[in-house]
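None of the figures in this text is laboratory data; all of them are computed from the coordinates on show. Since this is a predicted model, take the numbers as computed values, not measurements. Cβ placement follows ideal geometry from the backbone for every residue including glycine, while neighbour counts extend to all protein chains displayed.
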Amino acid sequence: MAPARLLDARALLRAVETRARAEGQQPADLFGSAYMKRRYRQTDSESGRRLRDLPVEVREAVAMAKAAGLVPDQVWDAEEIKAAMREGRVEVGNRGADATLDLGKSKSVFLAYAPPELGSV
């Protein structure tokens, strides 16, 4: 997995803790599913072992934020999320701008737009 497909989970942990404190709950209680609670606890425990960044895959990070009732754009910069989603995808060509015509295509295009009496030739 390329590093740019990752977001920093520390921002998510801070946002979840802030929301839980505001609602008077434990942070893990914001998550409805057992899987998300377990994943949050794993991420939280790993944050204690890491001194610097805490990378998490972008789709999982966004899903965790939504499961906690947070808007991902308020946790991370919207452009950072878009860039992480785009990373690893290959852009091929210039969509919609292929106007290469050879003789066979040129004749077909000409006959398609020609009046019926020319099209019967």
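Below is a table of values for the structure above.
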quantity: Stokes-Einstein D (µm²/s) once Rh is taken as the Kirkwood radius of the stretch 30-75 over alpha-carbon pairs, at 4 °C in 1.567 mPa s; calculated: 116 µm²/s
quantity: Phi to ³J(HN,Hα) by Karplus 6.51 cos²θ - 1.76 cosθ + 1.60 over the stretch 62-67, Hz, x for Gly, Pro; calculated: 5, 5, 5, 4, 5, 5
quantity: Karplus (6.51, -1.76, 1.60) ³J(HN,Hα), θ = phi - 60°, over the stretch 15-28, in Hz, Gly and Pro reported as x; calculated: 5, 5, 5, 5, 5, 5, 4, 5, 9, x, 10, 7, x, 5
quantity: Calculated from backbone phi, Karplus (6.51, -1.76, 1.60) coupling profile of the stretch 76-84 in Hz, x at Gly/Pro; calculated: 10, 5, 4, 5, 5, 5, 4, 5, 5
quantity: Pairwise label distance in nanometres, Val71 with Ser106, each label 7 Å out on the Cα-Cβ vector; calculated: 5.5 nm
quantity: Two-site label geometry, Glu117 and Gln42: point separation in nm, points 7 Å out along Cα→Cβ; calculated: 7.6 nm
quantity: Protection proxy ranking of 103-113, 65-75, 20-30 - average other beta-carbon atoms within 10 Å, highest first; calculated: 65-75, 20-30, 103-113
